[in-house]
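We did not get these values from a lab; they are worked out from the coordinates using the rules stated. Fair warning: this is a prediction, and the values are worked out from it, not measured in the lab. Virtual Cβ from ideal backbone geometry, glycine too; neighbours counted across all protein chains shown.
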Amino acid sequence: SSSSSSSFSAVSSSSSSNSTCSSSKFASVAADPDHSQKTQLTHSTDKKEEQNEDVISIRDQNGRLVSVEDFQARTPCSLFPHVLEHSFAESLLEAFLQESQSWEQYKRFLFGKSVKQPRLSQVYASLPSQTYLYGGRSLDAKPYTPELERAQEQIEQLVNIYAPAEVGIWTSNFVVCNLYRTGEDGVAAHSDTLTSIGPRPTIASLSLGATRTFVLRRIVTEKSNINSTTSLKSLESYSIQLPHNSLLIMWPPCQEEWRHAIVKDKRVLPHCISGITRLNFTFRQYKQEYVDQTPQCVCHKPAVLRCVLKQGVNKNRYFYHCGGDEGSSCNFFKWANWISIEPSVCKKKQLQQGANEPSCKRLKHESS
């Protein structure tokens, strides 16, 4: 069966080193609902650059090229290129490059020392009057801008077309924005904490601006998966070049069973508007009922909600543990007995025959 990104093939990552500018060259797939013809070149006549822009590059842990279809079949993720209308994606990028001037580097404590995270961040919420728990800290959220609200509406429509049954009707009310100023900015391998978004969440991640490498790695849960002759590099992982105006949806159980990162990179494919700067918006459901149930650990910090992955009688049970930073955590532990979720296989919906790409026009039609 064809996937949502079937018209995009994997290419060598070396080919993406050419300095191209996707937003000024290609119309959004929204302008071509059936995507029956090749993406039209609007400014450049360089055929080589056209081919480089019309791909999403994916490699596995052994450096082998992986098609988008195979990546989606092997992971709880979906990829969508050119997700927003071309002109809107550009205006959203420009607007939030201005917005980001007031953003800050969040801090964390590492072995007793305050360390700035290597990126600028800001959270936005549909109800900005309240304080939000994110990353173990309480933050004041900014209200949605009109552009952000419009982008969220379009992404919600797309998510609900492909959402598995367990997700139900998905809406977002909380957006975490990160600005990666240069290739020296990044985020280490992690899974998003479940404390405020609940078990088995769905997160939609929109990339604008420069192309950066997103790494997805499966969490090892069995000792038998690693032996003396197996290196960590052989564990299942994927490196994806996320271009401007692309959407990565992480379905259940991605946050429980996989980690992801934006790796630092000296070679960044720039964008005509933002240069080597990348903007990322992660749309998510903030669930106050989970925050209200969160206990405080011994060191008076909100505990962190996690899931047991190791085989045994407690596999898939949820628990709270200390939310302190590395080097300053206590031994707090408590089972989240009020959470009872039967694990299920998350099957992503496929596109109907004849509809090869998502589009704003098609989304409005199907949601009406």
Considering only DSSP beta bridges where both residues belong to the range 109-210, give the percentage that are antiparallel (nearest 5). 85 percent
What is the gain in length, in nm to one decimal, between residue 130 and residue 91 on full extension, counting 0.36 nm per residue of separation less the C-alpha to C-alpha distance? 11.2 nm
Subtracting the Cα-Cα distance of residue 157 and residue 299 from 0.36 nm times their residue separation yields 46.9 nm
Residues of the range 300-325 with amide nitrogen under 13 Å from the 7 Å Cα-to-Cβ point of residue 108? 323-325
Cβ charges +1 (Lys, Arg) and -1 (Asp, Glu), total dipole of the range 60-124, debye: 640 debye
Show me the ranking of peptides 267-275, 114-122, 309-317 by mean Cβ neighbours inside 10 Å, starting with the highest. 267-275, 114-122, 309-317
